[in-house]
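The values are calculated or read from the model by the stated rules, or taken from the named source; none is laboratory data. Since we're looking at a predicted model, the values are computed, not measured. Counting neighbours? That spans all protein chains shown, and the Cβs are built from the backbone with ideal geometry, glycine included.
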Amino acid sequence: MRIRVTDVLDLLAAGLNFEQILDEMPDLEREDIVAAIAYAAQGIDHPVIAA
C-alpha cells in the first residue's frame, strides 16, 4: 500500500497529531511521517534571487 506525502500533510494540516495519523493509517510508522515532512520541506526550499 502506498500512502502519498500529500495525504500525510493533509492530515497534519487538518490538525491530527502523529498518534491520530498512525491510528488512521496502521501501515505507517512515526518515521514515515517525519520523512514526509522532510520531503515537503526539501521541495519548497529554494534560493530566492533578488532582481
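Looking only at the stretch 24-49, residues that are exposed (fewer than 11 other Cβ atoms within 10 Å of the Cβ) and either touching a residue at least 40 places away in the same chain (Cβ under 8 Å) or more than 12 Å from the chain's Cα centre (by Cα) (or both) come to 8 in all. Selection within the stretch 1-16: residues that are among the charged types (D, E, K, R) and either loosely packed, with under 11 Cβ neighbours inside 10 Å or touching a Leu at 6+ places or on another chain (Cβ under 6 Å) (or both). The member of this set that is nearest to Tyr39 (Cα to Cα) is Arg4. Scoring Glu19 on the criteria (1) over 9 Å from the mean Cα position of the chain (by Cα); (2) surrounded by 10 or more Cβ atoms within 10 Å (Cβ to Cβ); (3) modelled with pLDDT of 95 or more leaves a single failure, condition (2).
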